[in-house]
Amino acid sequence: MPEAAQSEDLRERPVGELLKQLSEQTSTLVSKELELAKAELAEKGKKAGLGAGMFGAAGLFGLSAFGALTACLIALLGTAVDLWLAALIVAVVYAAIAGVLALRGRAEVKSAVPPKPEQAIESSKEDVQWAKEQAKSART
C-alpha cells in the first residue's frame, strides 16, 4: 500500500524536481560504489603485500639454504683435498652452471621476440594505396 501512495506522490511532483532527485541519487550511488571499490582494492592490496613479503622471506631462506649447502659441499670435498681447493672446485662448478643457464636464457629471450605482423602491415599498405586512389579520382 505505501508503494502505491509513493507512486501517486511521484506523479504529482514536477519533472524538474524528479530529474534533480534522480541526479542526486545517481551521484550518491556512484560515490558509494567508488568507496566500495576503494575498500575492496585496499583489502586486496594488503593481501598482495603480505604474499609478496612471504615470497621475499622464502627467497631469503632459500638463499641461506643454498649457502649452507655450499658450505656442506666444501666441507665434504675438504676431507679429500685441501680446503681452498675444495672451495675453488665448488666455485668453478657454480660458474659453469651459471654460464649454461645464461646461454640458455639468452636463447629463450631471442626466440621470444614477437614476429612482425606482416599481414596487418600488408593490409595497411593496401588501405593507404586505396585511399590514394580515392583521393586521386575525387580530384578528377
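Go through the stretch 41-51 and report how many residues are open to solvent by less than 60 Å² (accessible area, probe 1.4 Å) and aliphatic (A, V, I, L, M).
Keep residues of the stretch 41-51 that are open to solvent by less than 60 Å² (accessible area, probe 1.4 Å), which gives 42, 45, 49, 51.
This time we only want the ones that are aliphatic (A, V, I, L, M), so: 42.
Residues that pass the stated criteria total 1.
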Task: In the stretch 94-121, the residues that are exposed (fewer than 10 other Cβ atoms within 10 Å of the Cβ) and either touching a residue at least 12 places away in the same chain (Cβ under 8 Å) or assigned to a loop (DSSP other than H, G, I, E, B) (or both) - done: Ala112, Val113, Pro114, Pro115, Lys116
- [ ] Answer with yes or no whether Gly67 is modelled with pLDDT of 85 or more, part of a helix (DSSP H, G or I) and open to solvent by less than 100 Å² (accessible area, probe 1.4 Å).
- [x] yes
- [ ] Check Cys72 against each of (1) at pLDDT below 95; (2) surrounded by 10 or more Cβ atoms within 10 Å (Cβ to Cβ) and name the one condition it does not meet.
- [x] (1)
- [ ] Considering each of Ala80, Ala135 in turn, give the residue that is in a helix (DSSP H, G or I) and among the hydrophobic types (A, V, I, L, M, F, W, C).
- [x] Ala135
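The values are calculated or read from the model by the stated rules, or taken from the named source; none is laboratory data. Model, not experiment: these values are computed from the prediction. Neighbour counts run over all protein chains shown; Cβ positions are idealised from the backbone, glycine included. Ligands, DNA and RNA are excluded from the accessible area calculation, which covers all protein heavy atoms including side chains. Shrake-Rupley method; radii C 1.70, N 1.55, O 1.52, S 1.80 Å.
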